[in-house]
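The values are calculated or read from the model by the stated rules, or taken from the named source; none is laboratory data. Keep in mind that what you see is a predicted model, and the values were worked out from it rather than measured. For neighbour counting, all protein chains shown are included, and Cβ atoms are generated from backbone atoms with ideal geometry for every residue, glycine included. Side chains are part of the model used for accessible areas, which takes the heavy atoms of the whole protein and leaves out ligands, DNA and RNA. Shrake-Rupley method; radii C 1.70, N 1.55, O 1.52, S 1.80 Å.
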Amino acid sequence: MSEKILIFDTTLRDAEQTPGAALNGNEKLAIAKHLSALNVDVIEAGFPRSSPADFEAVSRIASEVEGPEICALSRIIEKDITDAWEAIRDAKRPRIHTFVGTSEIHIKGIMRSDEDTILKSSIESVAYARDLCPTVEFSPMDAARTDPVYLFEIIEATIEAGASIINIPDTVGYAIPSEFGKLIASIKQNVSNIDQVIISVHCHNDLGLAVANSIAAIKNGARQVECTVNGLGERAGNTSMEEIVMAIRTRRDHFADVHTDVDTTEIIPISRLVSRTMGMPVAANKAIVGANAFAHSSGIHQDGVIKQRDTFEIINPTVVGLQESQIILSPRSGRNALRHRLAVLGYDVETEQLDSVYERFLSLADKKKEVHDADLEAIMQDESKTVLVSENRYQFDHIQVFSGNQITSTATVGITTEGGAVTEAATGDGPVDATYKAISRVTGFSPTLSDYQIRSVTEGMDAIGEVTVKVKEQGRSFVGHGASTDIIEASAKAYINAINKVIHFRENG
Ligand code: KIV
Ligand code: ZN
């Protein structure tokens, strides 16, 4: 039977310690709610003793966030433990996580203490925490550099004192996978009461091995992994939540006996939320959540993915919450990728014509390195032999919008149709929404808007804004463009352009 790997998310505690990534209470609460939607098992909400603001944030999370266990961190100091408990006592399932450095370098260098004193305080602290809270986790910090015999002793004693989760931190990211796996196996062998608890691991990424070390630990019996969204955390960060979860899910052949309960379709949304809120951009090549993780730029790869996705993709992007893979058109792209993108834009290019379009595309790509939809539109409009498959059934004529932050937006849109000029008005949630509703009334089409982007084509206050929309109809995407110095007009043109393409597709396939 498959055993569950508990996902203990410490984005709001370890990652929040990252310089410049501090969050206010509202931001912490919003992320905690999203972590609950992601279905993690434990949220480490903060370190209440560290500041009154963190105490307050942890309390709000404990009383407002349902689902996961809510955990608070504390040193092995009575006041810390009391504060941790006071902050989480309203949670349905509270957990206190108490820790102390156990390596010689931490005991002597930080605590200026000795092994016996640390052992005694750990036992007393766990017992005190256990009197307050039903679930107590103990971490011998810097376990990977701790003398194993002392490590076994302190683990056995804190289990005896009431800990039900023993977390083994590689605090400075020093371990390598075979060594860390052996450490977990040796704990299982040498700690007599280890079967009474869950073994957890908390790996830092100083050598880029946090995920690999966590995997080695799972292989040797760990059943909780401490991790963070986007792998954020002290210094080089922690085990990345998305990487460990997707490794377990993707390599079922290696992880047949374990699983997580994470809703993987929430991975991209939470990655973006955390990145934006903490002001920590995600590297484009970051596994799973980087902008390039599902983008293909070499011609051979693009050709392969278009023909059969799994030739160059081991994860279906929809599994992590993306809509589709991305084909980056560059000088390395082949004809097939170009034809595919043109079809999405609504252009059906004959084989002979494709050669000439491809020549023009290549000379532009050599200059620009990346070719965007607007560039392709420009090429196609210039092509004398091109047939624009989406004949314009509807043509934008005029628009009038009333909008403001204290009134309901109203848009009146005039469109030329086969039957003559038609004007319709609608209200909406903002001027663009009102405009799109008015357009839907005229055309009878209201395809789902899946993407809306605006960029300035020229410079200055009177710049031309180009709006690109992507709409979905019967599982297919259609892209529409519109440009104007008035961004609402540009938005209207883009939506009408996309609707014309939908109609053409329906009528001509
Ligand atoms: O890295 C570490 O050891 C920690 C502990 C508090 C678990 O963050
Ligand atoms: Zn840590």
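Accessible area per residue, 1.4 Å probe, Å², for the chain: what's the number?
Accessible area per residue, the chain: 45 Å².
Let me check against my output: what whole-number percent is the relative contact order of region 3-278, with C-alpha pairs under 8 Å and at least 6 apart?
Across region 3-278, relative contact order equals 20 percent.
Measuring from centroid to centroid over Cα atoms, what is the spacing of region 464-509 and region 23-78 in Å?
The two parts, judged by their Cα centres, are 43 Å apart.
Can you flag which of K368/K501; K286/K307; K470/K501; K28/K79 are past 18 Å Cα-Cα?
Long pairs (Cα-Cα over 18 Å): K368/K501; K286/K307; K28/K79.
Considering only C-alpha atoms, what is the centroid distance from region 80-127 to region 2-18, in Å?
If you average the Cα positions of each part, the centres end up 19 Å apart.
Check which residues have an amide H placed less than 5 Å from D147's amide H, if you skip close sequence neighbours.
E104
Looking only at the chain, where both bridge partners belong to it, what percent of the DSSP beta bridges are antiparallel (to the nearest 5)?
Counting only bridges with both partners in the chain, antiparallel ones make up about 50 percent.
With a 1.4 Å probe and all protein chains left in place, how much of the accessible area of the chain comes from carbon and sulfur atoms, in whole percent?
It is 49 percent, rounded to a whole number.
Using a cut-off of 21 Å between alpha-carbon atoms, which lysines can reach K108, once sequence neighbours fewer than 8 places away in the same chain are excluded?
Partners found: K120.
Keeping all protein chains in the complex and leaving out DNA, RNA and ligands, what accessible area do you get for H259 with a 1.4 Å probe, in Å² to the nearest 10?
50 Å²
Roughly how many Å² of S121 are accessible to a 1.4 Å probe, to the nearest 10?
About 40 Å², ignoring ligands and nucleic acids.
Can you give me the distance in nm between label points at N24 and E324, each placed 7 Å from the Cα along the Cα-to-Cβ direction?
Simple spin-label model gives 4.0 nm for this pair.
When the solvent-accessible surface of protein heavy atoms is calculated with a 1.4 angstrom probe, in what order do M380, M1 fall, highest first?
These residues rank, largest area first, as M1, M380.
Could I have the simple spin-label model distance between K307 and E78, label points 7 Å from Cα toward Cβ, reported in nm to one decimal?
The two pseudo-label positions are separated by 7.3 nm.
Check I399: other-chain or 5+ apart residues with amide H under 5 Å from its amide H, H built from backbone geometry?
G414
With each run of n ≥ 4 DSSP H residues scored as -39500 (n - 2.57), what mean residue ellipticity at 222 nm is computed for the chain after dividing by its residue count and rounding to the nearest 500 deg cm²/dmol?
-12500 deg cm²/dmol
Have a look at the DSSP beta bridges in region 3-278 and tell me what percent are antiparallel, nearest 5.
Expressed as a percentage, antiparallel bridges in region 3-278 total about 5.
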